[in-house]
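Everything below concerns the one structure shown next.
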Amino acid sequence: MSRIAATFAALAESKRQALIPYITAGFPFPDITPELMHAMVEAGSDVIELGVPFSDPMADGPVIQKAGEKALADGIGLAQVLEMVRVFRERNSTTPVVLMGYANPIERYDLGHGKNGFVRDAAAVGVDGVLIVDYPPEECEEFAAELKAHGMDLIFLLAPTSTEQRIRQVARIASGYVYYVSLKGVTGAGHLDIAAVEAALPPIRKHVKIPVGVGFGIRDATTARAIGRVADAVVIGTKVIRWWKTSRVNKSRRRWAVSSAASGPR
């Protein structure tokens with residue numbers, strides 16, 4: 001059983017939902033990410049989504065885009081992200097880590113490290129899952145199989161516009177959990193309609209038998225708790241990044257407080 005599956009099984013046993021915060025690797029400082037990940041776990045995070053910076057993040061809103069631009073300017077690429085996970089694993093062997101990003105960095109990595117170099121190296125440092133925004137299910141069965149062979153899950157997005165056929169395709173290949181995008185648009189956009197999310201989940205669960213998390217548009221703890229009543233996981237990204245941008249960091253940069261926005265559906 002993967003770390004992701006084990007985490008969701010334990011949460012289901014205790015009748016709790018998963019809190020899944022997202023941070024951009026290398027933001028706000030290149031060397032702070034592993035410590036932020038530990039702080040998030042201490043604050044109650046169940047799974048961590050770690051964003052891989054990319055120059056053309058089509059699904060990300062301006063807040064996460066700017067965080068990615070800052071990380072790229074500081075020299076953060078996929079190799080550095082994998083090293084951050086390795087460092088995190090020195091002190092934490094249980095919390096699942098999911099890399100979220102785009103196809104280009106992975107394909108470039110394989111060009112430099114050999115076929116399936118990313119999968120091999122990601123497994124070696126302790127990555128548990130991968131969510132690639134621009135990998136449609138019909139084009140990545142081989143990739144999904146390679147991940148599974150290395151003990152990792154391939155996670156897919158579903159959206160309000162997803163057809164039943166697309167839901168079926170995702171259900172056939174996805175593992176770990178499925179991420180339902182609650183809004184049309186990019187991260188951080190729009191107003192979240194809880195009733196619409198609640199109505200959208202039963203048709204998804206008709207085919208998807210793994211946990212379904214909901215993200216995009218979750219701006220505060222009240223909204224997170226409302227989503228937690230209908231979903232298996234709450235994913236918070238833009239709010240967390242915005243808080244890191246405005247939070248106070250002491251001079252040593254070693255002690256961070258975690259925003260109440262990340263207190264989730266507890």
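The values are calculated or read from the model by the stated rules, or taken from the named source; none is laboratory data. All figures in this text were calculated on a predicted structure; none of them were measured in a lab. Neighbour counts are summed over all protein chains in view; Cβ atoms, including those assigned to glycine, are modelled from backbone coordinates with ideal geometry.
A compact table of results
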read-out: Inter-residue pairs, beta-carbon under 7 Å, first part of a helix (DSSP H, G or I) and in the stretch 162-182, second buried (at least 19 other Cβ atoms within 10 Å of the Cβ) and aliphatic (A, V, I, L, M), 6+ apart; value: ILE167/LEU158; ILE167/VAL208; VAL170/LEU158; VAL170/VAL178; VAL170/VAL208; ALA171/VAL208; ILE173/ALA144; ILE173/LEU154
read-out: Residue list for the stretch 96-134, filter: without any contact (Cβ under 8 Å) to a residue 40 or more places away in the chain, over 23 Å from ASP56 (Cα atoms) and of a type in the set (Gly, Ala, Ser); value: GLY114, ALA123, ALA124
read-out: Odd one out for ALA144 among (1) surrounded by fewer than 16 Cβ atoms within 10 Å (Cβ to Cβ); (2) more than 26 Å from HIS38 (Cβ to Cβ); (3) of a type in the set (Gly, Ala, Ser); value: (1)
read-out: Filter pass, LYS70 being surrounded by fewer than 19 Cβ atoms within 10 Å (Cβ to Cβ) and part of a loop (DSSP other than H, G, I, E, B); value: no
read-out: Filtered residue count, the stretch 150-161, keeping only those that are at pLDDT 95 or above and either in a loop (DSSP other than H, G, I, E, B) or over 28 Å from ALA6 (Cβ atoms) (or both); value: 4
read-out: Checking ILE64 against (1) in contact with a helix residue (DSSP H, G or I) (Cβ under 9 Å, 6 or more places away or on another chain); (2) closer than 17 Å to MET152 by Cα; (3) surrounded by 20 or more Cβ atoms within 10 Å (Cβ to Cβ), the condition it does not meet; value: (2)
read-out: Cβ-Cβ under 7 Å pairs, at least 6 apart or on other chains, the stretch 191-219 side within 14 Å of SER162 (Cα to Cα), far side assigned to a helix (DSSP H, G or I) and among the basic types (Lys, Arg); value: HIS207/ARG168
read-out: Residue count, the stretch 80-110 (criterion: in contact with an Asp or Glu (Cβ under 9 Å, 6 or more places away or on another chain) and not in a helix (DSSP H, G or I)); value: 7
